[in-house]
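The values are calculated or read from the model by the stated rules, or taken from the named source; none is laboratory data. Keep in mind that this is a model prediction, so the values were computed, not measured. As a convention, Cβ positions derive from the backbone with ideal geometry for all residues, glycine included, and neighbour counts pool all protein chains shown. Ligands, DNA and RNA are excluded from the accessible area calculation, which covers all protein heavy atoms including side chains. Shrake-Rupley method; radii C 1.70, N 1.55, O 1.52, S 1.80 Å.
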Amino acid sequence: MTNCRRVQTASGAILAGAARLAGDPFSTAGEALFDPQFWSARGGIVPAGRGRGEAWFLDQGSEQWVLRHYRRGGFVGRISEDRYFWIGEARVRAFAEYRLLEFLVAQGMPVPAPIAARYRRHGPSYSCDLITRRIVGAAPLSEGLATTALDESRWRRVGAAVGRLHAVGVDHADLNAHNILLDALGTVSIIDFDRGRIRRAGAWTGRNLRRLRRSLLKITADLPADRFNDAVWRSLLRGYSEHTAERTAPR
């Protein structure tokens, strides 16, 4: 299932495709690729907006990447912004997300391809980073709805993308309108699989959808009624039901 390779570093490890680790830029830059200052010195970095983690768009010449530094949210984040308690490499969040994305890409799912992951130990804790391929030309669903309404076919595509993930058992821990991307052609992608996992079919599919619905209601509360309503939600669910046998969607 995996074609990745692990390389030990002075303070942790890097996970990436074997071919990438063997060639440029990894063979020359190594851990520096996870350092925003490395990219800033080359003029190849742009902030990627807000979120639970810090993120930057990287210009790698032939490819566009996204670098994300994992940061904690909520009350815990006030105590430790980016440190997680060390309970073994198998539980490193960036490594888990890398492997999940690798699996999903192999399944043809609408997700960004993983490039590399890195963690660094800090005594009993660790920090981590993930680099993925940027989905160029796509913007969050939340941004799109702020400017225009989507037609039924695009809402069905959004539902279909979620349905495809659920059909292979992917529980997205933070399915919301900011983590669903659309491009000008209506192609849908889903990002941010931190804490995501593969599960047997169950009630979690409905919880994912209810979370998405709450997100859509929140971001469109002060927008025109055509941006999101019951008819729009039914269109999304029609697309969803076409790609999963589970009928757990909330009505």
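Of all the numbered requirements in (1) surrounded by 14 or more Cβ atoms within 10 Å (Cβ to Cβ); (2) charged (D, E, K, R); (3) closer than 18 Å to residue 13 by Cα, residue 91 misses one, and that requirement is (1). Checking each residue in segment 220-240 for being under 17 Å from residue 207 (Cα atoms) and either buried (at least 19 other Cβ atoms within 10 Å of the Cβ) or at pLDDT below 95 (or both) picks out 233, 236, 237, 240. Any residue that is at positive phi and either charged (D, E, K, R) or in a helix (DSSP H, G or I) (or both) - is there at least one of those in segment 192-206? Within segment 192-206, one or more residues are at positive phi and either charged (D, E, K, R) or in a helix (DSSP H, G or I) (or both).
Give 156, 238 a once-over and let me know the one that is closer than 29 Å to residue 99 by Cα and either out of contact with any strand residue (DSSP E or B) (no Cβ under 8 Å at 6 or more places or on another chain) or assigned to a helix (DSSP H, G or I) (or both).
156
Could you list, in sequence order, all residues of segment 128-150 that are of a type in the set (A, V, I, L, M, F, W, C), closer than 27 Å to residue 102 by Cα and open to solvent by 20 Å² or more (accessible area, probe 1.4 Å)? Scanning segment 128-150 gives 135, 136, 138, 139. So, residue 207, is that one without any contact (Cβ under 8 Å) to a residue 12 or more places away in the chain, surrounded by 13 or more Cβ atoms within 10 Å (Cβ to Cβ) and either more than 21 Å from residue 136 (Cα to Cα) or small (Gly, Ala, Ser) (or both) or not? So residue 207 passes the test.
When you check residue 153 against the structure, is it more than 30 Å from residue 62 (Cα to Cα), open to solvent by 30 Å² or more (accessible area, probe 1.4 Å) and hydroxyl-bearing (Ser, Thr, Tyr), yes or no?
yes
Picking from residues in segment 24-65 that are closer than 19 Å to residue 137 by Cβ and open to solvent by less than 30 Å² (accessible area, probe 1.4 Å), the one that is modelled with the lowest pLDDT is 44.
Given the structure, is residue 96 modelled with pLDDT of 95 or more, at negative phi and outside any loop (DSSP other than H, G, I, E, B)? Yes, satisfied.
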